[in-house]
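Here's the structure, in structure tokens; my notes come after.
The values are calculated or read from the model by the stated rules, or taken from the named source; none is laboratory data. Worth saying up front: this structure is predicted, and the values here are computed from it rather than measured. All Cβ positions, glycine included, derive from the backbone under ideal geometry; neighbour counts span all protein chains shown.
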């Protein structure tokens, strides 16, 4: 399995490369952001391990540019910046998971196994997710409603994909936090409500029927709006 490690700290890079190589992974190392982005965009990897504080180009910018270029390999952020705000920023840039330094090598291996397994399972599932006149191409990461393309951020896309996979089911804010942001605790913020509102506005613009509905006291549901229903 091919792994790209983008890390400028020599000791950390050597530690990770040695451990993964001994575990049977084929590891490519880039010591700066520009080289890391170049390698990631030109070659296929099962997973990308990406530091944030890098010379040349930081990890957040690399992540955004890779997602814009439709590079869909799982990205695991490795960083000493472990606050909730930093975690959300990293995930919002398009990362799939976040590991705070220092970490145990066994934990790194577990995250890699989880992300690559999840990505492999996703590749086996149907490429097109749909409800009503909304269609999402899970491979190309494109969204259309009524034949018109809708531009979403990485976080908005993950939110929509999660809701589509659980359409017609009420999803609590904690469920959404855990599956979209990878956070299994209440951050004490309204980040879910904010992003649901962002997504709802984009999906409903120019359309007469709403798809995302608020279930008061419970959460949100993605479902068709029938003629006798009003959106919330």
Sort out for me the strands (runs of 3 or more DSSP E) sitting completely within the stretch 2-87 that have 2 or more residues that are farther than 20 Å from residue 182 by Cβ. 2-6, 26-30
Positions within the stretch 21-53 being surrounded by 22 or more Cβ atoms within 10 Å (Cβ to Cβ) and over 21 Å from the mean Cα position of the chain (by Cα), in sequence order: 30
For the subset of the stretch 127-145 comprising residues that are assigned to a loop (DSSP other than H, G, I, E, B) and at pLDDT 90 or above, which member is nearest to residue 215 (Cα to Cα)? 132
The residue that is surrounded by the most Cβ atoms within 10 Å (Cβ to Cβ), considering only those in the stretch 151-163 that are at pLDDT below 95 and more than 11 Å from the chain's Cα centre (by Cα), is 152
Taking the stretch 151-174, which residues are part of a helix (DSSP H, G or I) and closer than 14 Å to residue 195 by Cβ? 154, 155, 156, 157, 158, 159, 160, 161, 162, 163, 173
Test: residue 212 is in contact with a helix residue (DSSP H, G or I) (Cβ under 8 Å, 6 or more places away or on another chain) and either within 24 Å of residue 77 (Cα to Cα) or loosely packed, with under 14 Cβ neighbours inside 10 Å (or both): no
Criterion first (free of Cβ contacts under 8 Å to residues at least 12 places away in the same chain, surrounded by fewer than 22 Cβ atoms within 10 Å (Cβ to Cβ), outside the structural domain of residue 180 (by TED's automatic domain parsing) and in contact with a strand residue (DSSP E or B) (Cβ under 7 Å, 6 or more places away or on another chain)) does residue 14 satisfy it? no
Among the numbered criteria (1) within 27 Å of residue 216 (Cβ to Cβ); (2) modelled with pLDDT under 90, which one does residue 169 miss? (2)
